[in-house]
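A short write-up of the structure that comes next.
The values are calculated or read from the model by the stated rules, or taken from the named source; none is laboratory data. Just so you know, these numbers come straight off a predicted model, no measurement behind them. For neighbour counting, all protein chains shown are included, and Cβ atoms are generated from backbone atoms with ideal geometry for every residue, glycine included.
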Ligand SMILES: Nc1nc2c(ncn2[C@@H]2O[C@H](COP(=O)(O)OP(=O)(O)OP(=O)(O)O)[C@@H](O)[C@H]2O)c(=O)[nH]1
Ligand SMILES: [Mg+2]
């Protein structure tokens, strides 16, 4: 057993304390389910009514959890009360997409299992620190390894291919009419950045779930709205001389990397102990082969740090601290329970490379299919004499439960059923009614197993 690090053994009054801290990173592309996951996790820890697979609870050693002042006073607080009010209010709805960073600390009180720890103190405290942020920002990470020329070439190539070619037409039209070697003019730079930003917004709105949107602050600027640092866009061709438009944009790209990306990751990611990576595999299936291919590419890029352990990239970014990583396919309540193993198998294949690299680094890795908020029930119906396993829930925009057959999850991300372009149709469900009346915490699928993997050893 690994004994968690102890922050301090004695407090100022020389009383013995057993208090440790664990920072869990909740990572994921946009709309992966980070905010709902953090909300459920906190609500369930505070109420402890639905955590049968969390050992400290099932063994009766858990005492209580409480929200505490967060460790970094300059970071906005994660609005757990606001998100809970949205999900459990009289008109249940999903929280808004996240616009900036939010942090929260939950203190967990428990009776240690180990005789050694119990001898020191019968009751111990684990502070759980969690950070939530807009998923768009995650995709800035790979920029750190790219030059402006490399990033420009990749981005232009992608923008010229369907389904992005139509969305990027105005920006590419503008590019065709400018000369990157010409003397830099602020007005020209602003126009290019504005058209490129419009293209990114169009990708975000596209119904094929386009995940690859870079740089993240162009669409979710946080506190950087209108900053000159955001006034650049990819340019064709190679580097040009000093004073050129190319040189201006290259400088701004590098400044963005240093002042925005490096800072964000050093302040928040480098200090993590544990990591959960949430992936909306079902959303990508829903978006058809183009959406799945786009998400695969975005995942490959954002998981790249995990594949370069030996080169020191992993160490630089994450320190050597992260010793457990969980990949979770979210929103598993969209499919009937018997398909969960299949969803997990598909996730396994999607993250296979990253998983091996993390194992190689000596950290533990697992995968799971979870739902942060269970909005459906699995039901069996008959159709043409065949039994179909379906889900029943209330789709967004309706007020009555509907029974849906979500289809079978394919073995492989490429193995879409032949025929239709978009063979899956997972409808968005509304959060269930009357959640506020349930004292046990938000209903979920396997969030307790996720917690056991992420925190279980810290609560022994
Ligand atoms: N049915 C179901 N839908 C979910 C679940 N979790 C999230 N969703 C859906 O996914 C959407 C996105 O969830 P969020 O938690 O806001 O995602 P996020 O990763 O925080 O997204 P950004 O803040 O935009 O990066 C929600 O609005 C819901 O429609 C779940 O457990 N079950
Ligand atoms: Mg969010």
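Note on the range 274-292: residues that are part of a strand (DSSP E or B) and within 16 Å of ligand 2 (Cβ to nearest atom) amount to 4. Only residues that are at negative phi and in contact (Cβ under 8 Å) with a residue 40 or more places away in the chain were counted in the range 199-251, giving 33.
Residue by residue, here is whether (1) surrounded by 19 or more Cβ atoms within 10 Å (Cβ to Cβ); (2) assigned to a strand (DSSP E or B); (3) at pLDDT 90 or above holds:
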residue: 341; (1), (2), (3): no, no, yes
residue: 356; (1), (2), (3): no, no, no
residue: 359; (1), (2), (3): no, no, no
residue: 362; (1), (2), (3): no, no, no
residue: 375; (1), (2), (3): yes, no, yes
residue: 392; (1), (2), (3): no, yes, yes
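Could you tell me which residue of the range 138-160 is modelled with the lowest pLDDT, considering only residues that are within 12 Å of residue 254 (Cβ to Cβ) and either part of a helix (DSSP H, G or I) or more than 24 Å from the chain's Cα centre (by Cα) (or both)? Among those residues, the one meeting the criterion is 144.
Checking the structure you have, find out if any residue of the range 22-40 is more than 16 Å from ligand 2 (Cβ to nearest atom) and surrounded by 14 or more Cβ atoms within 10 Å (Cβ to Cβ). Checked against the condition, which is being more than 16 Å from ligand 2 (Cβ to nearest atom) and surrounded by 14 or more Cβ atoms within 10 Å (Cβ to Cβ), the range 22-40 yields at least one hit. Of (1) within 16 Å of ligand 1 (Cβ to nearest atom); (2) in contact with a helix residue (DSSP H, G or I) (Cβ under 6 Å, 6 or more places away or on another chain); (3) in a strand (DSSP E or B), residue 18 satisfies all except one. Which? All conditions pass for residue 18, except number (1).
Checking 91, 79, 43 one by one, the residue that is under 19 Å from residue 446 (Cα atoms), assigned by TED's automatic domain parsing to the domain that holds residue 117 and within 16 Å of ligand 1 (Cβ to nearest atom) is 43 and no other. The lone criterion from (1) in contact (Cβ under 8 Å) with a residue 40 or more places away in the chain; (2) not in a strand (DSSP E or B) left unmet by residue 60 is number (1). Would you point out the residue of the range 78-104, among those that are free of Cβ contacts under 8 Å to residues at least 60 places away in the same chain and assigned to a strand (DSSP E or B), that is farthest from residue 32 (Cα to Cα)? Restricting to residues being free of Cβ contacts under 8 Å to residues at least 60 places away in the same chain and assigned to a strand (DSSP E or B), the top hit is 103. With respect to the conditions (1) free of Cβ contacts under 8 Å to residues at least 40 places away in the same chain; (2) within 19 Å of the chain's Cα centre (by Cα); (3) away from ligand 2 (no atom under 12 Å from the Cβ), residue 75 falls short on a single one, namely (1).
Results for (1) over 27 Å from residue 270 (Cα atoms); (2) modelled with pLDDT of 95 or more, shown as yes or no for each residue.
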position	(1), (2)
8	no, no
36	no, yes
49	yes, no
55	yes, yes
82	yes, yes
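Can you pull out every residue in the range 64-80 that is surrounded by 14 or more Cβ atoms within 10 Å (Cβ to Cβ) and over 14 Å from residue 131 (Cβ atoms)? Within the range 64-80, 65, 67, 68 qualify.
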